[in-house]
Structure formats: structure tokens, C-alpha cells
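Asker: Here it is: the structure, laid out below.
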């Protein structure tokens, strides 16, 4: 029997938001990456473009500023995306996608704390 695999969707990540007109922003994603739904993003201060939020850095993107709600393939150039930028909102913790440098529990907890400060609450049971 053929097994069909469905990619993750916004519904896998976003469990509650107060009002999409308030919580979401249209952003520009930095070229060079295929961003999965649920990507935890930061903004590069100099360009204003968003990228996966790394563990450390000095360009501004090291601070998580939201969660990407739809997958975007920006490998061919800068692309537009929809960011969950503020709460009140609840997201599924297990559905979040982090930069490769965010690779252990303390680093993940730091990113989750940054999201919580924005009113985006990660829940294990969501």
C-alpha cells in the first residue's frame, strides 16, 4: 500500500491567535533558504530582512521576533512571508523549526522565552 505524507501546515503550528489582523505581519525573507512552516525568525537590523534566528550573532537576527506561518522557498531570492509577530497567540512547541545552531535544550528555551516575551506562548500539549 502506498504511504502518503502530508507536509506540515499552519494548523500544525498555530493553535490560537486573538486576531490575525493584529498578530500577523508581512515580511521579507532573506534569500538562500527554504523556510519551513513554524520557522523561528529574527530580523537582520541593517536590511530589515528576516532569517532563521541563530543562537548567537551581532546582526540582530539572534533575537527571535516571531514564527513563520507558511513554508516559503527563498532559495532563488528574497521572498515574502507571513509572520506571527505578536500575541496573544499559542503555538505548538514541537512544530517549531529552529536554526541549526539552536541545538540543545538551553538554547531552545532561550528562543521560547523570546517568543513568550512577544505574547507567543509555546505549548507542548497544543
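Asker: Could you grab me the full set of residues in the range 17-59 that are surrounded by 14 or more Cβ atoms within 10 Å (Cβ to Cβ), farther than 22 Å from residue 73 by Cα and free of Cβ contacts under 8 Å to residues at least 60 places away in the same chain?
Answerer: Within the range 17-59, 55, 57 qualify.
Asker: Filter the range 95-126 for residues that are under 12 Å from the mean Cα position of the chain (by Cα) and farther than 20 Å from residue 27 by Cα; which is surrounded by the most Cβ atoms within 10 Å (Cβ to Cβ)?
Answerer: Out of the qualifying residues, it is 122.
Asker: Looking at (1) closer than 18 Å to residue 94 by Cβ; (2) out of contact with any helix residue (DSSP H, G or I) (no Cβ under 8 Å at 6 or more places or on another chain); (3) in a strand (DSSP E or B), find the lone condition where residue 40 falls short.
Answerer: (2) is the only condition that residue 40 fails.
Only the coordinates and a few stated rules stand behind these numbers; no lab work does. Being a predicted model, the structure only gives us computed values, none of them experimental. Ideal geometry is used to build each Cβ from the backbone, glycine not excepted, and the neighbour counts take in all protein chains shown.
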